[in-house]
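Please read the structure below before turning to the comments.
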Amino acid sequence: MLRVDVEKKLGEFSLAASFESEGRVTGLFGASGAGKSSLINMIAGLLRPDRGTIVIDGETVDDTASGIHVPTWRRRIGYVFQDARLFPHLNVAQNLDYGRRMNRLAVDPAQRTRVVELLDIRKAFGRRTPARRARPRTAVKAATSAARRAARRARRGPQA
């Protein structure tokens, strides 16, 4: 569970966001410059909100009123960067599996399949990820692509 209620001023830009998500994977989409990356950076702990709270799986990781700010490395969340920040010595599948391995979690093939389908990265699975050649798809882009595919399927109606 993710609960966010934050505000942040960045130069002339003001960001205010309030939402809850029960999903294990949450995608954000919106117009360029809407504040998606800033919001994700706050959730990840890379940027502190000016006001508000962020709660991940029942643990308050940011609360400006109480002075709580849990460091990034203790938040135990995954983050798919918009630019190439994968480990270049690992292939796409190994990069995807890195967080699970580092947290010594059991392999969950169903969860992996859901994430691979959400990010639409099955074709890239065995590929290396050098920063100069490949840019990973972000969850934001993947969620938008998935929404478009779902809309097309809905317009076509039930298949016989």
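Numerical summary
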| read-out | value |
| --- | --- |
| Cα-Cα P(r), the stretch 1-79, percent of pairs per 5 Å interval | 3, 15, 29, 28, 17, 7, 1 |
| FRET efficiency, 1/(1 + (r/R0)^6) with R0 22 Å, evaluated for Asn41 and Ala106 via beta carbons | 0.15 |
| Ordering of 53-62, 17-26 by burial proxy (mean other Cβ atoms within 10 Å per residue, highest first) | 53-62, 17-26 |
| Charge dipole magnitude, Cβ of K and R +1, D and E -1 - the stretch 1-79, Cα centre, debye nearest 20 | 260 |
| Near-label residues of the stretch 22-59 by backbone N, under 17 Å of a point 7 Å along Cα→Cβ of Asp5 | 22, 43, 49-59 |
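Values in this text are rule-based calculations from the coordinates and carry no lab data. Worth saying up front: this structure is predicted, and the values here are computed from it rather than measured. Reconstructed Cβ throughout: ideal geometry from the backbone, glycine too, with neighbour counts over all protein chains shown.
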